[in-house]
Amino acid sequence: MSETKSTARYRAETRLVHSGSLRSQFGETSEALFLTQGFVYDSAEQCEARFKGEDPGFLYSRFSNPNISMFERRMIELEGAEAARATATGMAAVTTAILAPLKAGDHVVAAKAMFGSCRYVVEDLLPRYGISSTLVDGLDLDQWQQAMRPNTKTCFLESPTNPTLDVLDIGAIAEIAHAGGARLIVDNVFATPIWQSPLTSGADVVVYSATKHIDGQGRCLGGIILSSDAFIAEHIHNFMRQTGPSMSPFNAWVLLKGLETLAVRVRAQTETAAAIADVLAQHPKISRLIYPGRPDHPQAATVKKQMRAGSTLVGFEVKGGKAAAFRTLNGLKISRISNNLGDAKSLVTHPATTTHQRLTPEARAELGISEGFIRFSAGLEHRDDLIEDLQAALEAA
């Protein structure tokens, strides 16, 4: 197989189309699909050399496959990372990135505002292996500083956060983590690699649920961990090889094709989300509107410093609590009720009863997840149709 030359010197849109492609002897235009579990060798000697790492090539699709390698390489060049490993799901990426480098006796500091499954990993799973954790208000740098211990090895955050779209200062938190001898892992799903580059801001590791914008069309699951060569080689590669939270070749191929249109889709979705936010901010039935692209966002200065644009998501609170929120959701004709996001179809979520339902009412209130709060993920429909649909649903609520 022949590999395309590095596209690192090109802009993101070009890298998303061309980076990392491998072509067979047939010279195909679209990347070929390699649906194989294993690979054969020319000789026993080559097989031995391959397993020793002395001969480049593929061994077994649990830990190496042409489609997975192409997806990883394209994401590496997009993100500006040195290395990456693709995983079966976004949560596999989060869990592996956090758990693989740690051992009993280590300590983790994480922002309270995060996806419910991420909180499960930090609060419930890690303690079973003797790893303690402290949750902090991610916006309060003093809390990060005070939570650090001599045995703190990892700091973890989402920015913007799920679902309230708080924007945490990645650079400042990275400085605190590094001063304490810890690494910073950033979940960059809500910003996408199009609008935010955490590694440039000081993060050590970036994780994605590729299920969201990277696929962007509701087809398959996937995740990816991006970092330095040293971090991937020392902590991630062997862990994944031996435990197997691996991406399938087919899903890697689907995600590779999704990357070709990522910039176009995210740009259009962000423009739509911004237009919807401007309309909803003036609506009499909305008590709170959160959108990172607006000047009234609580962390507008941080948004300007570390993001290139807003987000494809809008958060808003409907007056009247859960009943009014449910009436709004049920009244929508275009946008669909789902717990996913980043799709070509506009999707709406009631976090208090879905993604964050496992939290106590007190914990949800602390995070600003009220009974009337709705998360809206802008799709690729015409923005005026979406606005009219939202307005009609709110009026009926």
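A simple charge model with +1 on the Cβ of Lys and Arg, -1 on the Cβ of Asp and Glu and nothing else charged puts the dipole of the chain at about 440 debye relative to its Cα centre.
Remark: segment 254-318 carries a charge dipole of roughly 160 debye about the Cα centre, counting +1 on each Lys and Arg Cβ and -1 on each Asp and Glu Cβ. The Kirkwood radius of segment 49-159, taken over pairs of alpha-carbon atoms, gives through the Stokes-Einstein law at 4 °C and 1.567 mPa s a diffusion coefficient of 80 µm² s⁻¹. For the chain, the normalised intensity computed at q = 0.08 Å⁻¹ comes to -0.43 (log10 of I(q)/I(0), Debye sum over alpha carbons, equal scatterers, no solvent). The angle separating the long axis of helix 383-396 from the principal Cα axis of greatest extent in the chain is about 50 degrees. Relative to the globular-protein estimate of 2.2 N^0.38 Å, the Cα radius of gyration of segment 197-268 stands at 1.22.
On full extension, the segment bounded by Asp384 and His178 gains 69.5 nm, given 0.36 nm per residue less the C-alpha separation. Relative to the longest principal axis of the C-alpha atoms of the chain, give the angle of the C-alpha long axis of helix 249-260, reported between 0 and 90° and rounded to the nearest 10°. Relative to the chain, helix 249-260 is tipped by roughly 60 degrees. Checking the cross-link pairs Lys212/Lys304; Lys212/Lys345; Lys103/Lys153 against a 19 Å limit on the alpha carbon distance flags Lys212/Lys304 as lying beyond it.
Cross-link reach is defined here as a Cα-Cα straight distance under 17 Å, omitting same-chain residues fewer than 8 places apart; for Lys285 the lysines meeting it are Lys319, Lys322. Per residue, segment 63-170 exposes an accessible area of 30 Å² to a 1.4 Å probe, with every protein chain left in place.
So what is Rg over Rh here for segment 2-48, counting just Cα atoms and using Kirkwood for Rh? My calculation of the ratio gives 1.12. Using a probe radius of 1.4 angstrom, the carbon and sulfur fraction of the accessible surface of segment 129-227 is 47%. Across segment 174-305, counting alpha-carbon atoms alone, Rg and Dmax equal 17.9, 55 Å. Before rounding to the nearest 500, sum -39500 (n - 2.57) across all DSSP H runs of length at least 4 in the chain and divide by the residue total; then give [θ] at 222 nm in deg cm²/dmol. Roughly -10500 deg cm²/dmol at 222 nm, from the helical runs in the chain.
Computed from Cα positions, the angle between helix 170-179 and the longest principal axis of the chain comes to roughly 60 degrees.
The values are calculated or read from the model by the stated rules, or taken from the named source; none is laboratory data. Bear in mind the structure is a predicted one, so any value in this text is a computation, not a measurement. Here Cβ is always computed from backbone atoms with ideal geometry, including for glycine, and neighbour counts include all displayed protein chains. Areas reflect the complete protein model, heavy atoms only, side chains present, ligands, DNA and RNA absent. Shrake-Rupley method; radii C 1.70, N 1.55, O 1.52, S 1.80 Å.
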